1. Check 29, 54 and return the single one that is of a type in the set (Asp, Glu) and touching a Lys or Arg at 6+ places or on another chain (Cβ under 9 Å).
2. Look through the stretch 90-99, keep the residues that are at pLDDT 65 or above and not in a helix (DSSP H, G or I), and return whichever of them is least open to solvent (accessible area, probe 1.4 Å).
3. Sort through 102, 87 and tell me the only one that's open to solvent by 50 Å² or more (accessible area, probe 1.4 Å) and either at pLDDT 95 or above or among the β-branched types (Val, Ile, Thr) (or both).
4. Starting from the stretch 50-78, take each residue that is more than 15 Å from residue 5 (Cα to Cα) and list its partners that are loosely packed, with under 15 Cβ neighbours inside 10 Å and modelled with pLDDT under 95, counting only C-beta distances under 7 angstrom and pairs at least six apart or across chains.
5. Of all residues in the stretch 34-57 being modelled with pLDDT under 95 and outside any helix (DSSP H, G or I), which is surrounded by the fewest Cβ atoms within 10 Å (Cβ to Cβ)?
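The values are calculated or read from the model by the stated rules, or taken from the named source; none is laboratory data. The structure displayed is predicted, hence computed values, not measured ones. All Cβ positions, even for glycine, are placed from backbone atoms using ideal geometry, and neighbour counts span all protein chains on display. Just so you know, the surface numbers come from the protein's heavy atoms only, side chains and all, with ligands and any DNA or RNA stripped out. Shrake-Rupley method; radii C 1.70, N 1.55, O 1.52, S 1.80 Å.
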Amino acid sequence: MNYSRKFSIDTLANFVGLNRSYLNCIFKEAMGKTLQEYLIEFRILKACELLENEMLTIGDVSRSVGYADQLLFSKVFKRIRKVTPSEYRKNIPQKNPESTAEME
């Protein structure tokens with residue numbers, strides 16, 4: 001719920017009342033990735049959803065998923081998705097209202 005906020009793993013560990021190392025250890029055991037990796041992947045997944053809305057700029061999307069720095073967001077997005085946010089947006093299949101009407 002708070003993925004768009006800036007927080008540290010230490011803050012999260014304190015919030016749940018666990019040692020940072022222990023929290024990371026049990027999280028990785030359960031999820032197969034670190035908390036940091038999970039958070040980054042989750043933010044990029046949410047960014048992909050937001051990129052479908054063409055009214056939002058890349059900067060808007062970046063800030064909405066917790067990246068104040070749009071350049072950093074673009075670098076992380078490209079590392080995860082292998083394309084820039086702009087390239088990703090261009091390749092989103094357009095929803096065609098006519099094809100939907102034909103199916104009804």
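1. On the way: 29 fails: touching a Lys or Arg at 6+ places or on another chain (Cβ under 9 Å).
Step by step, each of 29, 54 is checked, and only 54 is of a type in the set (Asp, Glu) and touching a Lys or Arg at 6+ places or on another chain (Cβ under 9 Å).
2. Start the filter on the stretch 90-99 by keeping residues that are at pLDDT 65 or above, which leaves 90-94.
If we keep only those that are not in a helix (DSSP H, G or I) as well, we get 91-94.
On the way: 91: 116, 92: 29, 93: 108, 94: 127 Å².
Ranking the candidates gives 92 first.
3. Working: 102 fails: either at pLDDT 95 or above or among the β-branched types (Val, Ile, Thr) (or both).
The unique qualifying residue is 87.
4. 51/92; 52/92
5. Residue satisfying both the conditions and the ranking: 54.
Okay, residues lined up against (1) open to solvent by 80 Å² or more (accessible area, probe 1.4 Å); (2) farther than 23 Å from residue 12 by Cα; (3) part of a helix (DSSP H, G or I); (4) out of contact with any His (no Cβ under 8 Å at 6 or more places or on another chain):
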position	(1), (2), (3), (4)
28	yes, no, yes, yes
61	no, yes, yes, yes
67	no, no, no, yes
77	no, yes, yes, yes
